[in-house]
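Accompanying notes for the structure given below.
The values are calculated or read from the model by the stated rules, or taken from the named source; none is laboratory data. The structure displayed is predicted, hence computed values, not measured ones. Heads up: the accessible areas ignore ligands, DNA and RNA and are worked out on the full protein's heavy atoms, side chains in. Shrake-Rupley method; radii C 1.70, N 1.55, O 1.52, S 1.80 Å.
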Amino acid sequence: ALPMQHDQGTTSGQRPDGATPGPAADNNSAGIGGVATARFGIGDVVKHRVFPFRGVIFDVDPEFANTEEWWQAIPEEIRPAKNQPFYHLLAENDEAAYVAYVSQQNLLPDDAGEPVRHPAVSQIFEAYRDGRYVLREQIRN
């Protein structure tokens, strides 16, 4: 099993953190019920706005769907809003591959054009084309 990472990519048991909600938080266009519309989709390669990691999205929550304990562990002054999409990433940095859970306000498109080296990529995705991943047929159904 892959260790679950917090918004910036710390390993489980470490104190989670996140980027300061600033102007980026203001450009989340609110959808129905005040929840922001997802800016990214499954298969998109993204990078964290502040912390040095990138990954491929394999699931999207329309709004925060983790534990209250996870949420409260993030220092209040840098805690991202709950009413925005949160993304599950097969993430990587220079040291490790892991699963990360990241708020939309803390993600940017990764235009490096490089594939993600996470070992689980081939289990979920069948191809890397034009800068994004294509889900395996059995996962789509």
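Results, tabulated for the structure shown:
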read-out	value
Apportionment of accessible area to carbon and sulfur, the range 37-88, percent (1.4 Å)	52
Relative contact order for the range 101-141, counting Cα pairs under 8 Å that sit 6 or more residues apart, in percent	28
Accessible area in square angstrom per residue, the range 54-136, 1.4 angstrom probe	48
Largest-first principal axis extents, alpha carbons of the range 31-85, Å	32, 29, 17
Accessible-area order (highest first, 1.4 angstrom probe) of the listed residues LEU108, LEU90	LEU108, LEU90
Per-q log10 I(q)/I(0), the range 76-141, q = 0.11, 0.12, 0.15, 0.22 Å⁻¹ (Debye; single scatterer per alpha-carbon; no solvent)	-0.33, -0.39, -0.60, -1.11
